[in-house]
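What follows is a short report on a single structure.
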Amino acid sequence: MMLMDTSDMICDTYPGDMVGREYMENLYGEDMDRVLHSVVKLKNAVIGNNKQKFHMMSLGVVARLLEFIQNERAAVGLRTESAIVLGSLAKGSQANVKRLVDSGVVPILLQCLNNSNLKFVEGCLRCLRSIFTSQAAPVDLLYTDPGVVPHMLDIVSQSPTTQECICSILAQCCKTSEHQGLLYSNGVIESLAPLLASKMYKVCSHRLWVQMPALRVFCVITYMNQIVSSAVASASVSERSLPDLLVELCLRDKSVEMQMSSAKCLTYMCRANALSSQDSKIVYKALPTLIRMCKKDRSLEERVEGAETLAYLIEVDLELQRIASYSDHLIPTLSEFLRYPSTQTTVMDLKRLDYDMKHSHELKAAALMAFASLGANDEDIRKKIIETENLMDHVVCGLSDPVVRVRLAAVRCLHSLSRSVQQLRTSFQDHAVWKPLMKLLQNADDDMLTVASSTLCNLLLEFSPSKEPMLESGAVDLLCDLTKRDDPALRLNGIWALMNMAFQAEQKVKSQILAALGTDQLFKLLSDPDVNVLMKTLGLLRNLLSNKPHIDHIMGMHGQQIMQAIVLILEGEHTIEVKEQTLCILANISDGTTAKDFIMANDDVLKKITNYMIHANVRLQIAATFCISNLLWNEEEGALERQMKLRDMGVQKLLQQLLSSSDTVLFDKVKTALQQFT
């Protein structure tokens, strides 16, 4: 009779060194019946006893067991019992698993899956399952031999044990998009879909035993994978679609784990655009299931997983955000996460206290992520969230939390809420959120910096009360440093925040930005390969070159370099949006008193402007015409000379031709420009 292997159990006795050596000696005997008997005795001796496992491994038992397993002439019973002992050893400590992996157990057992004896194969699979589901799992070894995964899928249906073990292994070893693609190309959907399609839900049912591992596989293969998600969405079993099966597994009579996993799979398919966010399976099944999982009657782990998955589901969809915000008191429910544990703990509750404290940070992070998604787009929802009792205090405290996950979630929540003009002027100012945010930016990693600097962009908008104190606290230098990072997202946020800072700013602020950034870096950003960085750099330059005295001052210092950069962009292979922004900068320069001379003295630039007046794109025509109108403006000194030169270049005739335009904005710009000629 086999004993259950539960490594938490402690055996009162274990073989000492002499007894251990006796085991080893028996394993090397010539009588194979006695050897088999010794392996069985060894199996029973190590079950549930980590000391014995460690001791026998130290004596080299793994190598001998592998010899039995690899020996095709050995009795299949001996090979099977040897695999079972290795499986028991793998259920010990992580150090044991590492020693097994280092001993080369995994490739040998994977090769043995080709054996025709089912019991032997099951013994190998149980051991592999224990290894691959451990923290020390050697995931890449599963994919070293390209024939392993196809063979596992071929034999998956042979027994409940092969089904459960293979599904558990695949679920744990699918870590990358390459893994997803490999499993998909080898038919994982067709092989595992039937395991979800049973109506047997009794606890003793083998079918229930394998449904969860199979469901986990579908979760990991659909996550952020549009191709696989679409294939799952269109797959069916016995004329029932897999999405319909997943909805069935969300029903309340199923286990909580099954409901959660089914809702997660539907969520991943939705985010991968394989299911519409307005599909009834999402709106009436996945979404309510996840909201229900956040309730107080669920375990802490279930509440965390429910909130995290909910945050991901609704992150980019306004309608789902609105539905979730008024469903089943979700916002008050999530706010309870932030106050956990809420009751006074006594000495009698110390064990519970330890459990609570371990999960407290996970609950906070999950709630803050859910709030971030809820408030991403709708002002009314943001108002509801911020009006939740003490929520801003929790967010601000989260920015200084010792746990990285909580800090990152707090920043994401702050970023979402910072999209509200009203909150920037009220709650954000009342709580001085810029202080912990600036502190957080000092030593943050790139992930944290990306989100925190995005939030900074909003706090530096012209109407934000936080703008002035942040300027005084070194924000300019910090942002200029971001523009020099290798990560395009950080460069973008740095230049974007500087652009916001320069909007309608005083000349001293603009001078501070230029001094900290440096003209070399500014012009380097104007040739950035990332078009978004280029656009925001042009936006910064446009904001710097606003207000006549500011325009003249900056052009007086850097006019030649600015004009060179503008010419390069207008001559380059850039998008319409980039060229439009560049022409708008020229329009700003042409509004200066002395700065416009940089344009009038450059016939090449003037020729380019007139060419854009007759461009096929009306937006470029409007921008070029606006620039010409500023140059022609008859109320400014030197207007007559400028008008004469532009008339000689044929500008007046071009403007007259453009009067036939059907675009009302262009027509008005042309009419205004023509009126300037005297």
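Taken over the Cα atoms of the chain, the convex hull encloses 209 Å³ per residue.
Accessible surface of region 545-649, 1.4 Å probe: 53 percent of it comes from carbon and sulfur atoms. Rolling a 1.4 angstrom probe over region 116-267 with all protein chains present gives an accessible area of which 53% lies on carbon and sulfur atoms.
Which of the GluC sites (Glu not before Pro) across region 455-513 are loop residues per DSSP, with 15 or fewer other Cβ within 10 Å?
Filter output for region 455-513: Glu462, Glu506.
Please report the spacing between the Cα centers of region 613-678 and region 454-518 in Å, no decimals. When both Cα centres are located, 35 Å separates them.
Shown in residue order for region 632-639 are the 3J(HN,Hα) couplings computed by the Karplus curve 6.51 cos²θ - 1.76 cosθ + 1.60 at θ = phi - 60°: 7, 3, 7, 8, 10, 4, x, 4 Hz (x for Gly and Pro).
Estimated at 0.36 nm per residue, the fully extended path between Arg322 and Arg298 surpasses their Cα-Cα distance by 6.3 nm.
Which GluC sites (Glu not before Pro) does region 35-97 hold that lie in a coil by DSSP with at most 11 other beta carbons within 10 Å?
Glu72
Database remark: amide H of Lys254 closer than 5 angstrom to no amide H (H placed geometrically; neighbours at sequence offset of 5 or more, or on other chains; Pro and chain starts carry no H).
Evaluating 6.51 cos²θ - 1.76 cosθ + 1.60 at θ = phi - 60° for every residue in region 362-376, the Karplus couplings come out as 5, 5, 4, 4, 5, 5, 5, 5, 5, 4, 4, 5, 4, x, 5 Hz, glycine and proline recorded as x. Axis angle, to the nearest 10 degrees, between helix 531-544 and the longest C-alpha principal axis of the chain: 40 degrees. Per residue, the accessible area of the chain comes to 46 Å², computed with a 1.4 Å probe over protein heavy atoms only. In this simple spin-label approximation, Arg419 and Gln158 carry label points 7 Å from Cα along the Cα→Cβ vector, and these lie 5.3 nm apart. Here the spin labels are modelled as points 7 Å beyond Cα on the Cα-Cβ line, and at Asn617 and Glu178 they lie 3.9 nm apart. Looking at region 220-334, the pairs of alpha carbons with a distance over 18 Å make up 46% of the total. Calculation over all alpha carbon pairs of region 413-462 in 5 angstrom steps from 0 returns a P(r) of 5, 22, 35, 24, 11, 4, 0 percent. Roughly how many Å is it from the Cα centre of region 370-413 to that of region 265-319, as a whole number? So the two Cα centres are separated by 19 Å. Counting only protein heavy atoms and using a 1.4 Å probe, what share of the accessible area of region 385-447 belongs to carbon plus sulfur, as a whole percent? Carbon and sulfur atoms account for 45 percent of the accessible area of region 385-447. Take the Cβ atoms of Leu118 and Glu248, set R0 to 30 Å, and the FRET efficiency comes out at 0.45. Compared with the dominant Cα axis of the chain, that is its longest principal axis, helix 32-46 is turned about 60°. In region 492-552, the inverse of the mean reciprocal separation of distinct Cα atoms equals 11.4 Å; this is its Kirkwood hydrodynamic radius.
Separation of region 527-557 from region 65-93 is 72 Å, based on Cα centroids. Loop-resident chymotrypsin sites (Phe, Trp or Tyr not before Pro) (DSSP state other than H, G, I, E or B) in region 461-505 with no more than 15 further Cβ atoms inside 10 Å of their Cβ: Phe463. For the chain, the longest principal axis of the C-alpha atoms and the axis of helix 17-27 are separated by about 80°. For the residue pairs Lys384/Lys536; Lys364/Lys467; Lys608/Lys653, alpha carbon separations beyond 24 Å are given by Lys384/Lys536; Lys364/Lys467.
What's the extension gain from Arg339 to Asn634 if we count 0.36 nm per residue and subtract their Cα-Cα distance?
Full extension of this stretch gives 99.5 nm more.
By how many nm would the segment from Gln226 to Leu659 grow when fully extended, if each residue of separation counts as 0.36 nm and the alpha-carbon distance is taken off?
Result: 150.9 nm gained on full extension.
Here the spin labels are modelled as points 7 Å beyond Cα on the Cα-Cβ line, and at Arg21 and Ser58 they lie 1.4 nm apart. Sequentially through region 56-68, phi angles give Karplus couplings (6.51, -1.76, 1.60; θ = phi - 60°) of 5, 5, 5, 7, x, 5, 4, 4, 5, 5, 5, 4, 4 Hz, Gly and Pro residues having no value and appearing as x.
The values are calculated or read from the model by the stated rules, or taken from the named source; none is laboratory data. All figures in this text were calculated on a predicted structure; none of them were measured in a lab. Virtual Cβ from ideal backbone geometry, glycine too; neighbours counted across all protein chains shown. Note: accessible area is taken over every heavy atom of the protein model, side chains too, but ligands, DNA and RNA are not part of it. Shrake-Rupley method; radii C 1.70, N 1.55, O 1.52, S 1.80 Å.
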